[in-house]
Amino acid sequence: MSRIGRMPIAVPAGVTVEIAENNKVTVKGPKGELSRVLVPEMVIKMEGTELTVTRPNDLKRNRALHGLTRTLINNMIVGVTDGYEKKLEVNGVGYRATKSGNGLTLNLGYSHPIEMNDPAGIESAVEGNVITVRGIDKEKVGQYAAEIRDQRRPEPYKGKGIKYADEVIRRKVGKSGKK
């Protein structure tokens, strides 16, 4: 049995979960509303203030999707109650990020500034050299943060570039001259 898939999901007060046909799950909470069509084989039941996900049989595909289905629903519930946030750090001489409206301007040592627009439902903020990406959809927050990081990934010699706040860059020693 899937250890993650077996765990019930506690639905907090102020959050409503609707399960329509073909496992279309809609979660409404104080921060917004998320909906997603999940795998129709999984059985999603609401019992009081708890959601449970069960699988019909032990086929390999159903075993693989059991924990995933439970985690996706849990991520939706956490998103509409607390939301998600990723922090990125801009490191490097002359590297900086500025915010204007819903646009993000990155100066990363290229001959031109890079303009990025926040996707719908996602907001970004800049404080000093830290970019914060917030939203209720975990996938969209992670994807937008990854797109920002891809503009200039951190390099291993000086550590210049955009990195996640909790990321550790393995540093390399530069080449040394012969004597």
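Computed quantities for the displayed model
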{"read-out": "Residues listed by number, region 119-155, amide nitrogen under 14 Å from Arg96 label point at 7 Å toward C-beta", "value": "126-130"}
{"read-out": "Which of Ser35, Ala64, Ile162, positive extreme of dipole for the chain (C-beta unit charges)", "value": "Ile162"}
{"read-out": "Stretch gain in nm, segment Thr54-Arg170, where the contour uses 0.36 nm per residue and the Cα spacing is subtracted", "value": "37.6 nm"}
{"read-out": "Debye intensity ratio in log₁₀ form over the Cα atoms of region 106-179, taken at each q of 0.16, 0.27 Å⁻¹", "value": "-0.67, -1.37"}
{"read-out": "Per-selection Rg to Rh, region 73-144 - Cα, Kirkwood hydrodynamic radius", "value": "1.04"}
{"read-out": "Distance from region 127-141 to region 85-113 (C-alpha centre basis), Å", "value": "13 Å"}
{"read-out": "Options Gly101, Val17, Met116, ranked by Cα towards positive dipole end of the chain, top entry (Cβ charges)", "value": "Met116"}
{"read-out": "Ratio of the Cα radius of gyration of the chain to 2.2 N^0.38 Å, where N counts its residues", "value": "1.34"}
{"read-out": "Whole-percent carbon and sulfur share, accessible surface of the chain, 1.4 Å", "value": "50 percent"}
{"read-out": "Helix axis angle, 138-150 relative to the chain longest principal axis, alpha carbon, degrees", "value": "20 degrees"}
{"read-out": "Dipole moment magnitude, nearest 20 debye, the chain about Cα centre, only Lys, Arg, Asp, Glu C-beta charged", "value": "1340 debye"}
{"read-out": "Residue among Asn74, Thr52, Val173 farthest towards the positive dipole end of the chain, charges placed on Cβ", "value": "Val173"}
{"read-out": "Principal-axis tilt of helix 60-81 within the chain, Cα atoms, nearest 10 degrees", "value": "70 degrees"}
{"read-out": "Nearest-20 debye value, region 107-179 charge dipole, Cβ charges on Lys, Arg, Asp, Glu", "value": "1000 debye"}
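The values are calculated or read from the model by the stated rules, or taken from the named source; none is laboratory data. What you see is a predicted model; the values in this text were computed from it and never measured. Reconstructed Cβ throughout: ideal geometry from the backbone, glycine too, with neighbour counts over all protein chains shown. For the accessible areas, the whole protein counts, side chains as well, though only heavy atoms, and no ligand, DNA or RNA atoms are used. Shrake-Rupley method; radii C 1.70, N 1.55, O 1.52, S 1.80 Å.
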